[in-house]
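For reference, the structure is listed below as structure tokens.
The values are calculated or read from the model by the stated rules, or taken from the named source; none is laboratory data. Just so we're clear, the structure is a prediction, and the values are computed from it rather than from any experiment. In this analysis, Cβ positions are derived from the backbone assuming ideal geometry, glycine residues included, and neighbour counts consider all displayed protein chains. For the accessible areas, the whole protein counts, side chains as well, though only heavy atoms, and no ligand, DNA or RNA atoms are used. Shrake-Rupley method; radii C 1.70, N 1.55, O 1.52, S 1.80 Å.
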Amino acid sequence: TYAAFVQTDWHVNDKLTVTTGLRYTKDKKSLESDIVIDDPFAALDLTLFGASALAPFQFFPPAPNVSDTSDSSEVSGTAIINYSVSEEVNVYGSYSRGFKGGGFALDAAAARVGSFSFDPEFVDAYELGLKARLLDNRLSLDFALYQNDIKGFQANTFTGSSFVPSNAGDINIRGLEFEGKFQVTPNLLLTGGFNWLFKAKFGDYPNALCPVVRQDLCTEVQ
């Protein structure tokens, strides 16, 4: 993995600061597998015998050896506008784009989800916030309204015998976060916070495994 980044702060005036940053990341991974499964039942291709219903009991399904390379490079970055309303209060808005490289599942059970490789994950993160330092800095209040749009979410999919990393599609997350501290006396500090999640759902989930208890939710193309 190689990366290079730069970040700048521009103090437009005494109250307004603009921060920008860029990052270039290059990831390269390679996989050479030598899969040996000694279980005779696991070596059977049940589809050839018309016995696909027994697949859930085949914890280590037949798996081909893999020789593959994952090579990806991306530019990510951030932009933040920070405005000081007063010496005690400032507000800000930010946008950032994140990147996590793809890779390979190091488990023969990955054959059950159809692929040993998974693609990169991207996130577009938006945030509006307020920070206040009051009562001679004895009281601090931090609020943040955020939204994260994730594409190609890298999830650990349970195959029945193990967890295999794969891409679970898109996720949209939106919420409000608060954190506060109050120094009541030199010896007493009160802290508190909460995270109110307005929205957290999958936009789609291609190739999701079918839940056994709710077969009615499944279609031929999941």
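Counting just the residues of the stretch 99-115 that are within 19 Å of the chain's Cα centre (by Cα) and not in a strand (DSSP E or B), which one comes out surrounded by the most Cβ atoms within 10 Å (Cβ to Cβ)?
From the stretch 99-115, those within 19 Å of the chain's Cα centre (by Cα) are 99-105; that's our starting set.
Still in the running and not in a strand (DSSP E or B): 101-102, 105.
Working: Gly101: 20, Gly102: 18, Ala105: 23.
Looking at the filtered set, the residue picked out is Ala105.
Scanning the stretch 138-148 for residues that are open to solvent by 40 Å² or more (accessible area, probe 1.4 Å) and without any contact (Cβ under 8 Å) to a residue 40 or more places away in the chain returns Leu141, Phe143, Leu145, Gln147, Asn148. Scanning the stretch 116-129 for residues that are of a type in the set (A, V, I, L, M, F, W, C) and open to solvent by less than 60 Å² (accessible area, probe 1.4 Å) yields Phe116, Phe118, Phe122, Val123, Ala125. Could you please find all residues in the stretch 1-60 being in contact with a helix residue (DSSP H, G or I) (Cβ under 6 Å, 6 or more places away or on another chain) and modelled with pLDDT of 70 or more? Within the stretch 1-60, Ile35 is the sole residue that qualifies.
If only one of Asn156, Asn172, Asn167 is under 30 Å from Ala63 (Cβ atoms) and surrounded by fewer than 16 Cβ atoms within 10 Å (Cβ to Cβ), which one is it? Steps first, please.
Working: Asn172 fails: under 30 Å from Ala63 (Cβ atoms); Asn167 fails: surrounded by fewer than 16 Cβ atoms within 10 Å (Cβ to Cβ).
Just one listed residue meets the conditions, Asn156.
Considering the stretch 21-36, and only residues there that are open to solvent by less than 60 Å² (accessible area, probe 1.4 Å) and in a strand (DSSP E or B), the residue that is farthest from Gly77 (Cα to Cα) turns out to be Leu31.
No other residue among Ser166, Ser96, Ser140 is in a strand (DSSP E or B), closer than 30 Å to Thr69 by Cβ and modelled with pLDDT of 90 or more apart from Ser96. Of the residues screened, Ser86 is one that is at pLDDT 90 or above, of a type in the set (Ser, Thr, Tyr) and over 21 Å from Leu197 (Cβ atoms). Scanning the stretch 143-162 for residues that are of a type in the set (A, V, I, L, M, F, W, C) and assigned to a strand (DSSP E or B) returns Phe143, Ala144, Leu145, Ile150, Ala155, Phe158. One residue stands out in the stretch 1-16 among those that are more than 15 Å from Tyr92 (Cβ to Cβ) and open to solvent by 100 Å² or more (accessible area, probe 1.4 Å): the one that is farthest from the chain's Cα centre (by Cα), namely Asp14. For beta carbons closer than 7 Å, sequence separation of 6+ or different chains, a first residue in the stretch 177-189 that is in contact (Cβ under 8 Å) with a residue 24 or more places away in the chain and a second that is among the aromatic types (Phe, Trp, Tyr) and open to solvent by less than 80 Å² (accessible area, probe 1.4 Å), the qualifying pairs are Glu177/Tyr146.
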